[in-house]
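The values are calculated or read from the model by the stated rules, or taken from the named source; none is laboratory data. This structure is a prediction, so every number in the text was calculated from the model and none was measured. Here Cβ is always computed from backbone atoms with ideal geometry, including for glycine, and neighbour counts include all displayed protein chains. Accessible surface areas use protein heavy atoms only, side chains included; no ligands, DNA or RNA. Shrake-Rupley method; radii C 1.70, N 1.55, O 1.52, S 1.80 Å.
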Amino acid sequence: AAPLRVQGSYQSLAPHLGVRHDPEGSLTIQAVHATGSTGFQPLPNSASFGFRQGGIWLRFQLDWDGTQGERWLELPTALLDHADLYRLDAQGQWLLLPNGRSVPFSRRSLPLHQPTFRLPPGNGVEVCYLHVASEGAMEVDPVLWEPANYAAHATKEQFWFGLGAGLLLLLALTHLSIAQRLRNKVSLLYACYAGVSLSFMLSYDGAFSALVVPEHPRIDYWVVAVSFPAFLALLWPLFSSIVGFQTRAPRLDRAMTRGTLAVGLAGAAARLAGQNHLVGPLLTVSFLCLLAWLVILACWLVLQGSISARFYLLAFIPVLIPLGYYLALNLGAPPMNLLTTYAFDFAAYTHVAALNLPVAARLFQIKRERDEALARELQISHHNERQLEALVGVRTADLGVAKERAEQALITAQEVLEGQRRLIRTVSHEFRTPLAVIDGTAQLLELQGEPSPPGQPSPATTIRAKVQKLLGFLDGALRQDQLESGHWRMTREALEPEALLQTVLAGVDADPAIHPIELRLERLPGTIFADPKMLAILLGNLLENAIRYSPRGGGVVVTAEALAHGAVRITVSDQGIGIPVDQLPRVFDRFYRTGQLQGVDGSGLGLYLSREIARMHGGELSVESVLGQGSRFTLLLPAEGGV
């Protein structure tokens, strides 16, 4: 190719380029230069080599004769991974100027989005080489700029680029807010569509890495590798939601949704795996076919009278021609000088803005439907409110009557309860003296009478036993009344736990030969603070129950041990008849008896009073039992509770 005479503010290098394909990527600058122009071919009309493996060498000559001032060499694409310029220095050595997505901005001669090189003026004719390689489509159409002219051009281009990016960001945020507030699927899809378009636009132009990670511009490739398939996968769901295609042909809609999603996911995975030279053309063709299919369906729906489809078609017409043109360029199609980058940018902005028309129409329809639904709901609500007010009036009157009856019943119950308490106190007081006389008389009869035959108690002994049973019942009822009325209060005092247990054991009426009692003490504290009378009643009840329900020869074991933080645990274990599992939750209920053993005396108040005493001390009384093997009652009192 003839040398380019450097002059003017803007010059295209395309007619002066020689191109050589390096499919293995193994050629060096020395090997390429040694062959001269041999092996180089003219630049294709489209300046695009499509998706190729390996690299492309570009050879050109610059005639600097009479040129004043430096020039900037620009490759107007940010998709090249490598764009390295080779020039001879004053010593005749090749000087490498690296650029492309693999080179951080700090290492570039000019830190611009697109590969751009600063060229100081040379002497006479200079031979230069460009080595280009990329995982994407390789399009090279280098131009030579005067720096001032390039700055003016770049300022204008960045203004329109920033305007488009800002528009996309505004649309994405606006429709995301609408989708969140109205729970609208169309707005959500449109927000995703605008967001993916924005990410694709920024990374395609190299602006994303320049703004966010200038030292890792390779990230632009990963963003493009994901955003383009995502853009492809979103086209059909957005179209279907806007025109309501899912209601017209649900099966076709599901098939297209799944198909585009599968193609998008597979394409993104293949591109991230480094197979873009294979999957890139397939994704491009798929995208063009999908666009053609969308236009056909939109036209058919327009003929069916769909206003949303008309809006959709009008929104896509401005962008279909330039978008198809640029996609075809990636596959090596010839250039069309009628279309420029600005035409595509303008078409893209018009497309994104026009898509608001069907979305807005859909939102107005949703708003109208929602307003109608709210009006119906409001009417129903007013009707229900009137019915509810009437019902509340009736129920309020009923509740007033029920309240009066409940209050009267409560007063009656309190009077009955107070009468029961007075009766218990009166009976307890009046019965004690006659019972004491009866017990004393029975004792005299025992002393004066003749001994009874073995195994047959005397009448006096029987009388005394019945008197003691009646006194025990009266004592239990009186204590229950005192406990519930609050007249039975604790009086804490220091006492020795071992002495307390010995006193309780001594007071239990049990024959060691029939019911042996074993006391086990483990690390008990010297003193505790508790109500001795209450604890004596509690422990006495547990021991009497253990003896009462144990067979002849059945032993009782009392264990007392200190726990952590000053707590004490006392257990009373027997070898008696045990308690059925279904009755365990009720053994501490008032007046409840299991009825396991006929003829055993008891009032059903002992365990109830024992648990209340334990809780008054801040502790708890629990039971474990196995039917036919015995029971174990455990008293656990914390240090704060006095034990």
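Below are the figures for this structure:
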{"read-out": "Probe 1.4 Å, all protein chains present, accessible-area order of 293, 94, 300, largest first", "value": "300, 293, 94"}
{"read-out": "Along principal axes, Cα extents of the range 134-185, largest first, whole Å", "value": "53, 30, 9"}
{"read-out": "Other-chain or far-sequence residues with amide H under 5 Å of residue 619's (modelled H)", "value": "none"}
{"read-out": "Peptides 401-409, 609-617 ordered by average Cβ neighbours within 10 Å, highest first", "value": "609-617, 401-409"}
{"read-out": "Distance from the range 394-408 to the range 15-94 (C-alpha centre basis), Å", "value": "99 Å"}
{"read-out": "Hull volume in cubic angstrom per residue (convex hull over the Cα atoms of the range 201-333)", "value": "115 Å³"}
{"read-out": "Global geometry of the range 1-104, whether rounded, prolate or oblate, following the gyration tensor of its Cα atoms and the 1.5 cut on a/c", "value": "rounded"}
{"read-out": "Accessible heavy-atom area order of 204, 86, highest first, probe of 1.4 Å", "value": "204, 86"}
{"read-out": "5 angstrom amide H check on residue 65, placed H, neighbours 5+ away", "value": "6, 124"}
{"read-out": "Student exercise, the range 1-113 dipole from Lys, Arg, Asp, Glu Cβ charges, in Debye to nearest 20", "value": "140 debye"}
{"read-out": "Residue-by-residue Karplus 3J(HN,Hα) for the range 229-241, coefficients 6.51, -1.76, 1.60, Hz, glycine and proline x", "value": "x, 5, 4, 4, 5, 7, 4, 5, x, 5, 4, 4, 5"}
{"read-out": "Semi-axis lengths, Å, the range 155-272, gyration tensor of Cα atoms, sqrt of 5 times eigenvalues", "value": "28, 19, 10"}
{"read-out": "Dipole magnitude of the range 150-247 about its Cα centre (Cβ charges: Lys, Arg +1; Asp, Glu -1), debye to nearest 20", "value": "420 debye"}
{"read-out": "Residue-wise HN-Hα coupling along the range 34-48, computed from phi with Karplus coefficients 6.51, -1.76, 1.60 (Hz; x: Gly, Pro)", "value": "5, 7, x, 8, 5, x, 8, 10, x, 5, x, 4, 7, 6, 10"}
{"read-out": "Accessible surface of the range 175-231, 1.4 Å probe, proportion on carbon and sulfur as whole %", "value": "70 percent"}
{"read-out": "Phi to ³J(HN,Hα) by Karplus 6.51 cos²θ - 1.76 cosθ + 1.60 over the range 210-224, Hz, x for Gly, Pro", "value": "4, 8, 9, 10, x, 8, 9, x, 4, 4, 4, 5, 5, 5, 5"}
{"read-out": "Between the range 150-192 and the range 237-293, the alpha-carbon center distance in angstrom", "value": "23 Å"}
{"read-out": "Surface per residue (accessible, 1.4 Å probe) for the range 124-274, Å²", "value": "44 Å²"}
